[in-house]
Each structure stands twice: as structure tokens, then as C-alpha cells.
Amino acid sequence: MNVLKGALLPVTCALLQTVSVGTGLPERSPGAAAAAALVGLASGLALFARAGAPFAVLTATVVGYLAQVLVGGPALPVALSVMVFVVARGPNADERRPVHPPTWTSLALVAGLTGVVAPLLATGFRAEAAVYGLLCSVAGAAGLLVALKAGRDRQRRTELVMAERLRIARDLHDVVGHGLGAMTVQAGAARMAVGAGALDDATRALLDIEEAGRGVLQEVRWLVTLLREDEGHPVLLDVPDLVGNARRSGLDVALDVDGDLSGVPAGVGEVAYRIVQEALTNVLRHAERKQADVSIRVADKLDVEILDRSQAVTSPSDVEEGNGLRGMRERTAAAGGALSTGPGPDGRWSVHAELPLGRS
């Protein structure tokens, strides 16, 4: 199936250029028309190599079109226009080819447009030169627009990844700094208690140091796990792995899934993943008993809820909204969903997100 899909464009372009050869030129000999048809066919089939060598294929289609026009008259420059679009668009995410300087791309696009217009003007076909030149220009403009959008998307993804990593780095600094500060104070208290002969006080201080050290170790393990995540974009199917990492970091978390996670669009799944990630981070950092429930429901919309089972909150004002909660709200709003946070009927803090799936 993939082979047939990949062959559809080159074969279609080859046939189109072959059919259009010799239009309006009955005086051309059958031999010339056949030769031009073969050149057009070869130009279209050259598109098989467009992903790996776009500049070489563009050159081949320009030379082929020049020969086709000189031998058989004006032809529809389908293959050449496709290559102008491919060069202007740049490499796709799944294409492994070098990124050339903008100057090269500009020169290649000018050469493509010239390769369409010049032979037609030279053979006296001014009307065809205007129409086909416009077609080639539109293809180039479309490719540039696609490249511009792809560049903006890459920049946005890079900014999101960098912002996430900076936030984790700040959290790591805060965790280590606060934990080591607390342990230093308790160590000093234990030293003075030992000097004064108050062994009970020294024992309590050492227990406090042990507890603080375990807390710091838990949070550092969790944050290091987040830093080690794939730099790609997580999807909803990655949430079980995220929950597993949270358990290994010392969080008692239960996961309840209802519905097909694989059917959730990637963008929506990433938003849900980040919400679960941030909510579990808050439980791990701020809760006393570090217990949480994660519930995911997939129906006509995606319903995600994270419940902190470890402590009760008497009022939403008891919890200060930081960058984490603001980030969750921004992500949810960007996906067209709704986020609610606060204590439930039993006083337990919860994060509840409803995200549209974009299904008609």
C-alpha cells in the first residue's frame, strides 16, 4: 500500500505531461511527438527521487521540460511545478536530506520558473508562458507557505520543550536547595544536642534529617525522570509509563482508564499528558502522604482527572496558584477545553480537564 501511494504522484505527473504533449500543433511529426512524450514520461518518473535529491530532480525536470517543448511544443509543466513546490517547502520531518542555505533555494526556484517560461517564449508561445509561469509561481508560493508554517511549528515546539526543561531545572534547584538547607539546620541542631548531652533531641534531629533526605531523593528521582523523557511529543498512550515512573519515585498512584487511548489525536493527548505530569509533580512535591488517583475517560470528549488522596483542602484560597497550574490552564485553553482545580466534596484537591477530540 505504501509503495502504491508513493508511486501515485510520479506516475500521474508522467501521464499528464505525456497527454498534453503537442497540444495545438498538428504539424508535428509522429516521431517528434513520441520523443517529446518519452521525455515527459521520464520527467514525471524522476519524481520518485524527489525526497532524497530534490535539487537534482528539479534540474532534471527543467532540462526535460526544455527538451519537451523544443521537440514537441508546449506541455503542462506538472513535474517541474511539483519540484518547485518540494524545493520551496524544504524537508519534511520524515525526510532525511540536508537543509540547504536560503540562497540555494532561491536560485533553484528562479531556475525552475525560468525553465518553464524561457523555452515557451523562445518558441513563440507567449500565452502558454504566462499561464504556465503563473502555475509554477503558485506552486513555489505554496511551498514557501508550508515551509513558513512548519518553521513556526518547530519554533513553538522548541520553545515549549525549553520552557518545560527550565521549569524542571528551577524545581530541581528549589528541591535540592530547600532540602539541603533543612538538613543543614537539623545537622547543626543534632551537633549541639550531642555536645549538650541531650541524646533524645539529637536523635529527633537525625530522624528529621533522614526524613528530609528521603523527601529530596524522591523529588530528585521524579524530576530526573522527566528530564530523561524523549524530546519528542508524548501522547496519551505514554501516560501509563508516566504513572509507572511516578510510582518508582515514591508516589502511591492508581490509574483508571476507560476507552481507547490510541484514538485520541496527538495534540490533545500531549495536553492531557502534560496535565497529568504537572498534577503528579504537585502531589509529589506538596502532599504529605503522596497518594493520588488518575482517571482517564475517552468518549465524545477526553475527560482527565487527578485526585490528591493524601490531604484535604478546606478552601481553594489555601493553595497558591503557581506556574504549574497556570501552564495547565494555558494548555487546556489552547486545546479548546476547560480545566477546573480545587477541593471536591470530600475536601480532596483535584485537577479536572475536559478536552474536545475534534470529531464531527
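Scanning segment 62-110 for residues that are surrounded by fewer than 16 Cβ atoms within 10 Å (Cβ to Cβ), in a helix (DSSP H, G or I) and modelled with pLDDT under 90 yields L70, P102, T103, W104, S106, L107. If the condition is being in contact (Cβ under 8 Å) with a residue 40 or more places away in the chain, farther than 11 Å from P74 by Cβ and open to solvent by 50 Å² or more (accessible area, probe 1.4 Å), then segment 123-137 contributes only L135.
State all residues of segment 307-323 that are surrounded by 17 or more Cβ atoms within 10 Å (Cβ to Cβ) and either acidic (D, E) or at pLDDT below 90 (or both); if no residue qualifies, say none.
Applying the first criterion (surrounded by 17 or more Cβ atoms within 10 Å (Cβ to Cβ)) to segment 307-323 yields 307-310.
Within segment 307-323, D308, R309, S310 qualify.
What's the total number of residues in segment 292-306 that are in a strand (DSSP E or B), open to solvent by 10 Å² or more (accessible area, probe 1.4 Å) and among the hydrophobic types (A, V, I, L, M, F, W, C)? Break it down stepwise before answering.
Step one: list which residues in segment 292-306 are in a strand (DSSP E or B), which gives 292-298, 301-306.
So of that shortlist, the ones also open to solvent by 10 Å² or more (accessible area, probe 1.4 Å) come out as 293, 295, 297-298, 301, 303, 305.
Still in the running and among the hydrophobic types (A, V, I, L, M, F, W, C): 298.
Selection size over segment 292-306: 1.
For segment 233-243, how many residues are open to solvent by less than 40 Å² (accessible area, probe 1.4 Å) and modelled with pLDDT of 85 or more? Don't jump to the end; show me each part of the working.
The initial filter retains those residues of segment 233-243 that are open to solvent by less than 40 Å² (accessible area, probe 1.4 Å), namely 234, 236, 239, 242-243.
Those left that are additionally modelled with pLDDT of 85 or more: 236, 239, 243.
Going through segment 233-243 one residue at a time, the tally reaches 3.
Each residue in segment 249-291 was checked for being open to solvent by less than 20 Å² (accessible area, probe 1.4 Å), outside any helix (DSSP H, G or I) and more than 21 Å from V235 (Cβ to Cβ), and 3 of them qualify. Here segment 111-134 is the region considered, the condition is being in contact with a Pro (Cβ under 7 Å, 6 or more places away or on another chain) and either in a loop (DSSP other than H, G, I, E, B) or among the aliphatic types (A, V, I, L, M) (or both), and the residue that is farthest from V82 (Cα to Cα) is F125.
The values are calculated or read from the model by the stated rules, or taken from the named source; none is laboratory data. Everything numeric here is computed off the predicted structure, so don't read it as measured data. In this analysis, Cβ positions are derived from the backbone assuming ideal geometry, glycine residues included, and neighbour counts consider all displayed protein chains. Surface accessibility is based on the protein's heavy atoms, side chains included, excluding ligands, DNA and RNA. Shrake-Rupley method; radii C 1.70, N 1.55, O 1.52, S 1.80 Å.
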